[in-house]
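Novice: Sharing a structure below in structure tokens format, with a few things to ask.
Computed from the coordinates by the stated procedures, all read-outs in this text should not be read as laboratory data. Computed from a predicted structure; not experimentally measured.
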Amino acid sequence: MQPSTDQAIVVRVIETPAKETSITDVIIGSLGLTAVMILAALILGALLGGLLIGIKKLRQKYNLEPIPDSEALRVTPETLLPASSSANPDN
């Protein structure tokens, strides 16, 4: 048996209309994205700040403060001479 070719199959493709993007949609989307990024930065900054403060408090509690660079390198400040003796040493 051969299939009948008398009947044609008609397929209608109906496209749904695409929603138009206006400038208002773009501005609202960009403001929303900016707000999310600012909120994420604030939260991450607060977490990092809290972590650093916590580490400092733990170091103070257990007396684990590192040696300051000035002591480790034996750097001492210059002594200030009185103004009269530094201006003219012959007096």
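Novice: Using the Karplus curve 6.51 cos²θ - 1.76 cosθ + 1.60 with θ = phi - 60°, what ³J(HN,Hα) values do you get for each residue of the range 49-65, in whole Hz, with x for Gly and Pro?
Specialist: Per residue, the Karplus-derived 3J(HN,Hα) values read x, x, 5, 5, 5, x, 5, 5, 5, 5, 5, 5, 5, 9, 6, 10, 5 Hz.
Novice: In whole Å, what are the extents of the range 23-63 along the principal axes defined by its C-alpha atoms, from largest to smallest?
Specialist: Principal axes ranked by extent give 59, 5, 5 Å for the Cα atoms.
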